[in-house]
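The structure under discussion appears below in the form of structure tokens.
The values are calculated or read from the model by the stated rules, or taken from the named source; none is laboratory data. Keep in mind that this is a model prediction, so the values were computed, not measured. Cβ placement follows ideal geometry from the backbone for every residue including glycine, while neighbour counts extend to all protein chains displayed.
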């Protein structure tokens with residue numbers, strides 16, 4: 001028999017799910033960072049682009065994995081019959097922190113490599129860092145709500 005669920009836990013889990021999916025879409029489909037070289041023009045780092053560094057590509061992949069795991073945790077919290085019976089808020093919070101830490105590592109690596117040119121963070125970076133920070137807050141609130 002499923003236990004009675006708190007409506008705020010459901011809201012937090014739904015927000016985590018939405019933010020994680022948006023973060024996955026932004027990282028997977030859009031640019032992570034870019035730079036401008038007057039001789040070459042605009043160049044970008046993304047999962048399918050050629051001007052990435054090894055560290056920012058690895059950071060993008062790790063962010064995708066952590067966000068996918070956060071989606072699984074959120075879905076587990078939303079369904080009535082959980083497929084994982086443990087409380088996963090602490091693990092979700094750790095995954096969310098890892099997400100924004102790797103966003104910072106990735107953009108720092110990109111900036112260090114292409115720092116001689118005018119460079120900027122793009123949608124993939126912002127999707128990863130914002131989803132990571134907001135999910136950290138939501139998982140923390142969910143944990144404190146228990």
- Query: Is there a residue in segment 1-9 that is modelled with pLDDT of 95 or more and surrounded by fewer than 17 Cβ atoms within 10 Å (Cβ to Cβ)?
  - Reply: no
- Query: If you go through segment 133-142 one residue at a time, do you hit one that is assigned to a helix (DSSP H, G or I) and in contact with a strand residue (DSSP E or B) (Cβ under 9 Å, 6 or more places away or on another chain)?
  - Reply: no
- Looking only at residues in segment 29-45 that are farther than 30 Å from residue 12 by Cα and out of contact with any strand residue (DSSP E or B) (no Cβ under 6 Å at 6 or more places or on another chain), which one is surrounded by the most Cβ atoms within 10 Å (Cβ to Cβ)? 37
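Using the structure shown, decide if residue 74 is within 22 Å of residue 130 (Cβ to Cβ) and surrounded by 20 or more Cβ atoms within 10 Å (Cβ to Cβ).
Against the criterion (within 22 Å of residue 130 (Cβ to Cβ) and surrounded by 20 or more Cβ atoms within 10 Å (Cβ to Cβ)), residue 74 qualifies.
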- Message: I'd like to check something: does segment 69-87 contain any residue that is modelled with pLDDT of 95 or more, assigned to a helix (DSSP H, G or I) and more than 14 Å from residue 15 (Cα to Cα)?
- Response: yes
- Query: Is it true that residue 121 is closer than 18 Å to residue 24 by Cβ, at pLDDT 95 or above and touching a strand residue (DSSP E or B) at 6+ places or on another chain (Cβ under 9 Å)?
  - Reply: yes
- Item | Residue list for segment 84-125, restricted to those being touching a helix residue (DSSP H, G or I) at 6+ places or on another chain (Cβ under 6 Å) and surrounded by fewer than 14 Cβ atoms within 10 Å (Cβ to Cβ) | 84
- Message: Looking at the structure I just gave you, is residue 64 part of a helix (DSSP H, G or I), under 30 Å from residue 116 (Cβ atoms) and under 13 Å from the mean Cα position of the chain (by Cα)?
- Response: yes
- Task: Please indicate, with yes or no, whether at least one residue in segment 106-129 is free of Cβ contacts under 8 Å to residues at least 40 places away in the same chain, under 20 Å from the mean Cα position of the chain (by Cα) and within 30 Å of residue 7 (Cβ to Cβ).
- Result: yes
